[in-house]
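The values are calculated or read from the model by the stated rules, or taken from the named source; none is laboratory data. Remember, it's a predicted structure, so these values are computed and weren't measured experimentally. Please note: Cβ atoms are built from the backbone with ideal geometry, for glycine as well, and neighbour counts cover all protein chains shown. Ligands, DNA and RNA are excluded from the accessible area calculation, which covers all protein heavy atoms including side chains. Shrake-Rupley method; radii C 1.70, N 1.55, O 1.52, S 1.80 Å.
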Amino acid sequence: MLKFLRKYNMYILVVFGSLLMVAFTAPQAIQQMGLNPLKKKAATVVNDGKIVKVTVGDLELASREASALRTFAPGLTAFNFRLDRESEHWFLLTLEAKQGGFVAEQGDGAAWIPQLARMNVEADWVQKYGQYAVNFMRFQQDKFEQEVAQMAAIMEQRLPYFAGQGRFTADEFKRVLTKARGVYRMQMAYQNSGRISDVRTILAARKQFDGATVDFLAVPATRLVSQIADPDEQTLKEHYERFVDTPRGGGDYGIGYLLPGRIKIEWLMLDRKAIEAAISIDPIELDKQLKQQADKYPDASDEDKAAVKQQMIKVVADEVIVIADRSIRTEIMKSTRKLVKNTQGYFELTDEWTGSAPKMEQLAQIVVDQVVAGTRDNPSVEHAEQGVVIPLPTVNIKAQKWIYPEQIAELQGIGQSQMLLGALRVPFTQVVFQAKEYGGSNKIQVQAHVPFASQIITDTAGNRYYFTLLDAVDQSPPASMDEILDDVLVDYKKLQAYELLHEQSQAYTQVAAGGGLDVLAESLNTRAPEESEQESVEPKNLVVAKGVRVTRAQVATPDPTVNVPAFRDGVIDRASSLNPLITIDQISLDDRTLRVEIPEQLMVTIVQIQSLEPLTIEDFRQSARAVALNASLEEFRQALATEGISNPFSMERLIQRHQFKAVSSKKKDDAPSITGVEDDKDAEKTDESTG
């Protein structure tokens with residue numbers, strides 16, 4: 001044995017030395033291998049009086065869930081969840097929904113897709129039609145329902161794609177939808193928790209269903225403007241001062257000179273169609289591409305050749321747009337390099353810099369030059385040594401007059417564009433009013449006098465846009481009356497014309513009661529005064545609107561000028577005074593004819609009631625539940641808006657309720673995980689997970 005040890009002592013020392021090293025280093029290696037960064041503590045919450053750990057993985061999962069939901073159901077996230085800090089806010093919402101028992105089984109989310117489709121279409125229509133969206137949904141119900149059905153089919157079909165975007169399988173994403181439905185169910189339970197009395201329900205039902213069918217003739221004051229003489233300077237000044245503190249479009253007459261936020265702007269457009277038209281494909285490269293795609297185009301016909309050529313043009317056009325975009329961004333970065341940013345991330349501008357800031361016309365020429373340089377020697381381009389010469393990008397400058405919010409969408413091209421912000425598409429009409437001057441989001445960082453190119457702004461045709469706010473002013477009166485002198489003069493004449501119409505329309509009711517609205521319309525059209533060119537915005541021939549249903553809540557017409565409380569209440573007040581138990585023919589025309597003034601529209605309407613449609617017991621029984629629900633919801637919204645009640649599902653309230661605290665990574669990881677996974681012995685001994 002000793003002989004063996006002496007003979008192989010070197011080998012034995014090496015083997016035992018290696019084993020000793022392994023014995024010392026293995027525990028540390030095993031420990032290092034076991035450290036999962038996703039299990040590190042990111043925050044804590046309090047559950048049943050116990051501190052529970054929230055891991056990095058919990059918040060990372062919540063972030064992916066919220067992001068996937070935002071792309072799959074933007075209507076839901078925009079109008080219902082209103083997430084603040086996305087990962088934390090969504091985590092706390094789902095935690096509260098689970099604790100409240102609102103989250104059901106997996107199939108609950110998949111069965112929710114048709115309703116999500118309806119929310120998406122509703123959100124789209126609100127974006128397109130604004131305050132008139134509800135009217136359009138009602139009067140174009142077939143089109144609306146068709147879009148909902150199409151949206152549901154698309155969402156079902158593309159669910160795996162949206163799941164993949166969030167790194168989920170289809171089944172995992174359906175579980176995410178189940179969570180989302182639980183959160184939605186929780187929010188609805190809170191909003192519908194109010195109880196409406198039977199008397200309130202009856203009053204709400206009468207407001208919704210008590211109605212009358214009417215014919216009416218609307219007479220605008222603009223028909224009489226030509227009869228109003230120009231005022232002297234003092235009279236005009238008094239008119240201006242009367243309305244200078246009233247918001248534009250507000251007040252009793254829709255007249256006001258407290259102007260909304262407004263801008264002056266210039267923008268550059270990269271016209272994709274013009275770029276593609278400027279690209280000539282090298283015929284040799286075209287033949288190569290045709291041969292490479294022989295399996296797809298075996299015949300190599302003229303149509304096949306044209307298709308391949310168009311593909312190559314699109315590829316080169318993409319390269320051109322990338323070069324152009326890079327050249328614009330580079331020039332802007334060079335010009336702003338020496339500027340200092342404040343704590344909010346905005347540049348502190350100097351007068352010297354503002355005067356020398358790059359103009360869109362300068363950037364347009366730079367784009368042309370850089371595209372030529374960047375596309376030289378591109379083998380796909382004919383005469384590659386010359387590069388691609390694109391037309392000078394279009395530049396529009398609106399610096400003479402202020403542009404108001406409702407005019408943004410009318411701006412050529414850019415008005416209908418959208419900014420790509422992650423998975424969101426933000427309409428340009430909203431982007432400009434996120435500027436620093438309006439206290440907007442510093443995530444976008446739009447700032448007057450600084451060219452904006454940090455985010456992609458594009459339209460459905462693939463055009464790209466870059467803009468500079470030449471000036472931006474928040475809500476305020478004009479600098480002087482002279483700034484809006486033309487508007488003040490027009491408003492003065494309209495108001496005087498309305499007062500004249502008020503006097504003349506006293507006789508309109510008698511004419512209508514005696515011969516009908518058609519006779520009145522013919523009479524007014526025959527002797528209609530000539531309108532000035534400046535005020536010729538109304539048709540000269542007045543037309544009687546017939547068979548229009550009116551309730552206190554709605555006028556069944558797409559014309560928004562009469563869908564106002566003054567008209568609705570005036571009609572229903574008169575209808576309520578008539579006897580519904582006799583036929584309409586037994587009620588005299590004198591009693592059924594009335595004049596309703598609409599001051600905010602500077603308009604007078606002459607109305608004839610053609611039928612009475614009061615709320616019936618059958619209607620009430622069928623609709624009472626929905627009416628009570630809507631009344632409760634409206635009461636909830638009013639309370640939030642007027643009584644200072646904060647949203648209980650806001651990030652701030654959830655943090656307070658769950659005592660959510662972010663922790664430093666340096667602190668000891670000694671609390672149990674929110675997911676129920678314990679990472680150390682101390683945690684196992686102390687508390688239980690909330691699950």
Roughly what percent of Cα-Cα pairs across the stretch 172-276 reach past 18 Å?
81 percent
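Per the Kirkwood definition applied to all pairs of different Cα atoms, how many angstroms is the hydrodynamic radius of the stretch 34-128?
Values: mean 1/r = 0.0664 Å⁻¹.
After inverting the pairwise mean of 1/r, the radius is 15.1 Å.
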In what sequence, largest accessible area first, do Glu172, Glu266, Glu303 appear using a 1.4 Å probe?
Glu303, Glu172, Glu266
Excluding ligands, DNA and RNA, the carbon-plus-sulfur percentage of the accessible area of the stretch 98-199 with a 1.4 Å probe reads 50 percent
Calculated FRET value between Gln610 and Leu339, using beta carbons and R₀ = 60 Å, to 0.05:
0.30
Gain upon complete extension [Asp318, Glu145; 0.36 nm per residue less C-alpha separation]
58.6 nm
About its Cα centre, the stretch 97-251 carries a charge dipole, from +1 on Lys and Arg Cβ atoms and -1 on Asp and Glu Cβ atoms, whose size in debye to the nearest 20 is 780 debye
Quick one: Cα convex hull volume of the stretch 250-352, Å³ per residue?
276 Å³
Heads up, I need the accessible area for Glu652: 1.4 angstrom probe, whole protein in place, Å², nearest 10.
130 Å²
Taking the full set of protein chains and a 1.4 angstrom probe, give the accessible area of Asp351 in square angstrom, rounded to the nearest 10.
140 Å²
If R0 = 41 Å, then Val663 and Gln292, at their Cβ-Cβ distance, give a FRET efficiency to the nearest 0.05 of 0.10
Read phi for every residue in the stretch 115-125 and hand back ³J(HN,Hα) as whole Hz from Karplus 6.51 cos²θ - 1.76 cosθ + 1.60, θ = phi - 60°, with x for Gly and Pro.
6, 5, 4, 5, 4, 5, 5, 4, 4, 5, 5
Among 386-393, 211-218, the order from most to least packed when residues are scored by Cβ within 10 Å on average
211-218, 386-393
Net charge near Ala170, counting Lys/Arg +1 and Asp/Glu -1 over other residues with Cβ under 13 Å of its Cβ?
+1
Residue-wise, which Karplus ³J(HN,Hα) couplings in Hz belong to the stretch 586-602, taking 6.51 cos²θ - 1.76 cosθ + 1.60, θ = phi - 60°, and x for glycine or proline?
7, 9, 5, 4, 4, 6, 8, 9, 8, 10, 10, 8, 10, x, 5, 9, 6
Whole-Hz ³J(HN,Hα) from phi, Karplus 6.51 cos²θ - 1.76 cosθ + 1.60, for the stretch 180-192, glycine and proline x:
4, 5, x, 5, 4, 4, 5, 4, 5, 4, 5, 5, 9
Computed accessible area, Thr509, all protein chains, 1.4 angstrom probe, square angstrom
30 Å²
Residues with amide H under 5 Å of Asp282's amide H, sequence separation 5 or more or different chain, H placed in the peptide plane at 1.01 Å from N; which?
Val381, Glu382
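Using a 1.4 angstrom probe, figure out how much accessible area the stretch 186-250 has per residue, in square angstrom, rounded to the nearest whole. Walk me through the intermediate numbers first.
Values: 3440 Å² over 65 residues.
Accessible surface, normalised per residue, equals 53 Å².
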Among Ile281, Met333, Leu270 - extreme Cα towards positive end, dipole of the stretch 261-347, charges at beta-carbon:
Met333
Give me the accessible area per residue for the stretch 421-512, probe 1.4 Å, as a whole number in Å².
45 Å²
Neighbours of Arg206 by Cβ distance under 12 Å: Lys/Arg at +1, Asp/Glu at -1, summed charge 0
What's the whole-number percent of alpha carbon pairs in the stretch 548-642 lying beyond 21 angstrom?
47 percent
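Over the stretch 211-265, what percent of the accessible surface lies on carbon and sulfur atoms, probe 1.4 Å?
42 percent
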